[in-house]
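Below is one structure, written out as structure tokens, with a few remarks after it.
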Amino acid sequence: IADFSHNEPTFFLTHCGGFFYLLNLLSQAANSRLLESSDRSPWLHLWHLGQNLSRHMGTELDLPLQQFLVRQLDLDEVQALHGFQPEPLDKQLFEFAEQRLSHHPFWPDGVIKRLARVRHEPGLLDIDFHHQNVDLDIRLAGLDINPGWLPWLGRVVTFHYLDDAELRDT
């Protein structure tokens, strides 16, 4: 696991970059209020939502993403992440996601499985996708809109679609 304690950006590659699209679902007004009032970290609710979607696809979230979440939750190991049981709020968030997205052709298989480079530092999270991976259905569902500042997460979140040269240079 990389050392995330310094203030310089840290990068990782994940095959589950669409996991971060779920932030837009959680950002909707009712969900934001629910997350702000929860005793648990929003990262943990996001983990459970992503896990639930992945299980519907018959897969798991990949190790680099799990390691990132372990650091965000200040845990010692990936196995600790799997020890948290879902709360009623997690079920409510999944039902909201299902209600909101189930009529889209990408549901549930195409939401999470997307190659991305994730750049993060305190207060900032940038998710870079290759520009050829723009998905019109994801765009129409509003999942790849830049969430911007998420007070309940304490981060500015942006999505970028870059060409080969931009991916190499950043």
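In table form, for the structure just shown:
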{"read-out": "One residue from ASP76, ASP90 being at pLDDT 90 or above, among the acidic types (Asp, Glu) and open to solvent by 60 Å² or more (accessible area, probe 1.4 Å)", "value": "ASP76"}
{"read-out": "Subset of region 99-139 [farther than 16 Å from LEU53 by Cβ, assigned to a helix (DSSP H, G or I) and in contact (Cβ under 8 Å) with a residue 24 or more places away in the chain]", "value": "HIS131, ASN133"}
{"read-out": "Residue among HIS82, HIS45 that alone is of a type outside the set (Asp, Glu) and closer than 19 Å to GLY18 by Cβ", "value": "HIS45"}
{"read-out": "Qualifying positions in region 127-141 - surrounded by 13 or more Cβ atoms within 10 Å (Cβ to Cβ) and either among the basic types (Lys, Arg) or closer than 14 Å to LEU22 by Cα (or both)", "value": "ILE127, ILE138, ALA141"}
{"read-out": "Matching residues in region 93-110 - criterion: being at pLDDT 85 or above, surrounded by 14 or more Cβ atoms within 10 Å (Cβ to Cβ) and small (Gly, Ala, Ser)", "value": "ALA97"}
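The values are calculated or read from the model by the stated rules, or taken from the named source; none is laboratory data. Small disclaimer: the values here were computed from a predicted structure and weren't measured. Reconstructed Cβ throughout: ideal geometry from the backbone, glycine too, with neighbour counts over all protein chains shown. Quick note on the areas: whole protein, heavy atoms, side chains included, nothing else; ligands and nucleic acids left out. Shrake-Rupley method; radii C 1.70, N 1.55, O 1.52, S 1.80 Å.
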